[in-house]
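Have a look at the structure below, then the notes.
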Amino acid sequence: MRTLLIASVLAAFVLLGVAAVAQQLPLRQEVERLAQGPLRTDRVKEGLYVIRGPFLPCTTRGCRPGGPDDGLIHEPGDVAVRVTPDGLIVIDDKYPEMVGDVLAQVRTVSALPVKYLLNSHHHGDHVSGNANVRATLGVDIIGHRSIRENFLRLNQPGEPNITFTEQAAVHLGGVEVQLRWLGRGHTSGDTVIYFPDLRTVHTGDLVIDGMPVIDYPGGGSAVEFVRTIDRLLEMDFDTVIPGHGRLMTKDDVRAYRVRFQTMNDRMRALVRRGVSKEQLDTLPEVRTALGLADLGWDDSVSTTAWFGSVGRYYDELAATVAP
């Protein structure tokens with residue numbers, strides 16, 4: 001009972017903080033506009049780096065015949081590198097064909113060996129290079145059990161060989177890196193990588209510089225997504241390495257949560273007004289109906305990916321509306 005009371009009080013403080021930020025920050029997210037270019041490595045804090053890019057038109061693998069082109073520059077998932085005296089801990093690895101360049105960037109950070117590879121979730125633009133990294137370096141790959149299950153479901157090589165359920169930690173060279181599963185959201189296996197000594201998190205695609213995407217076949221949920229972000233906000237951090245995009249702050253995550261809740265509330269309102277799923281058949285219709293421009297999500301790098309699941313999104317939110 002006492003534990004439940006403490007959890008309830010913490011959740012109340014989180015919601016109060018979100019409400020305060022909602023009054024202080026603009027609702028619209030000003031998404032970074034990317035320029036085409038190669039991989040690059042940026043310092044986050046002492047001993048922690050992020051590898052971004054390559055920055056490509058059309059999709060995270062560049063323009064392909066018959067492929068979608070939204071006119072924007074895209075990048076695959078952000079890779080993090082934590083340096084310790086005894087070696088490196090790497091989070092994610094992008095696509096297989098990018099692994100060589102990713103490892104070259106890692107070597108610009110430190111000549112020490114990579115000892116562990118951690119996964120944020122199962123999507124190819126983040127971790128389909130796993131098998132190549134394992135073959136090259138022979139390292140263990142650690143991920144949530146749902147990440148492994150999604151790898152196996154998709155027959156995707158490179159599944160994690162060490163799994164956990166709710167929380168795990170790697171200790172190397174006097175440095176602790178935690179892996180926390182806070183609930184479903186983007187997928188069923190989203191893992192927050194926490195660097196407690198640096199008060200920094202790598203969120204995977206739970207937070208991105210763009211519109212959140214819900215992978216329903218991969219176990220995602222728009223309703224649970226918001227609750228998972230609430231649990232994230234209970235953690236002690238000031239800096240965020242998102243799944244895609246520039247570094248963020250805890251206030252950015254609070255504002256992100258408000259936008260997401262606002263979008264969910266707007267979809268519920270459409271359901272209550274009798275708007276059918278068939279009336280949201282095109283992206284322009286959805287942009288208008290949900291007021292995506294107000295949120296800054298009408299033309300982000302992930303908007304078209306989100307729209308691919310709009311029917312499932314409608315169904316999920318409609319199920320939460322009382323008859």
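Between Pro54, Thr108, Thr203, whose Cα lies farthest towards the positive end of the dipole of the stretch 2-261 when Lys and Arg beta carbons carry +1 and Asp and Glu beta carbons carry -1, centred on the Cα centre? Going by the Cα projections, it comes out as Thr203. Couplings 3J(HN,Hα) of the stretch 190-197, computed from phi: 3, 10, 8, 9, 10, 9, x, 5 Hz, in residue order, whole Hz [Karplus 6.51 cos²θ - 1.76 cosθ + 1.60, θ = phi - 60°; x for Gly and Pro]. In sequence order, the stretch 36-51 has phi-based couplings of 4, x, x, 4, 8, 10, 10, 7, 9, 8, 4, x, 9, 9, 10, 9 Hz under the Karplus curve 6.51 cos²θ - 1.76 cosθ + 1.60, θ = phi - 60°, and Gly or Pro positions carry x. Rg then Dmax, both in Å and based on the Cα atoms of the stretch 24-181: 16.4, 50. The packing ranking, built from the mean of other Cβ atoms within 10 Å per residue, places the peptides 211-219, 31-39 in the order 211-219, 31-39, highest first. Need one word for the stretch 117-210: rounded, prolate or oblate. Basis is the Cα gyration tensor (sqrt eigenvalues a ≥ b ≥ c); a/c below 1.5 gives rounded, then a/b vs b/c decides. Since a/c reaches 1.5 but b/c is at least a/b, the shape of the stretch 117-210 is classed as oblate. For Ile73, the residues 5 or more places off, or on other chains, whose built amide H falls under 5 Å of its own are Leu34.
Within a straight-line Cα-Cα reach of under 23 Å, Lys94 can be paired with the following lysines, leaving aside sequence neighbours fewer than 8 residues apart in one chain: Lys45, Lys115. Under the shape rule built on the C-alpha gyration tensor, where the axes satisfy a ≥ b ≥ c, the stretch 249-323 is oblate, since a/c reaches at least 1.5 while a/b does not exceed b/c. 3J(HN,Hα) along the stretch 152-163: 5, 4, 8, 6, 8, x, x, 4, x, 9, 10, 10 Hz, from the Karplus curve 6.51 cos²θ - 1.76 cosθ + 1.60 with θ = phi - 60°, whole Hz, x for Gly and Pro. Restricting attention to the stretch 2-261, close to 70% of DSSP beta bridges with both partner residues there are antiparallel. Across the chain, Cα-Cα distances exceeding 28 Å account for 39% of all pairs.
For the stretch 126-148, backbone nitrogen atoms closer than 20 Å to the point 7 Å from Glu176 Cα along Cα-to-C-beta are found at 142-144. Highest mean packing first, where packing is the average number of other Cβ atoms within 10 Å per residue, the peptides 198-207, 65-74 line up as 198-207, 65-74.
A short reminder: the numbers here are calculations on the coordinates, not readings from a lab. Small disclaimer: the values here were computed from a predicted structure and weren't measured. Glycine also receives a Cβ, built like all others from the backbone with ideal geometry; neighbour counts cover every protein chain displayed.
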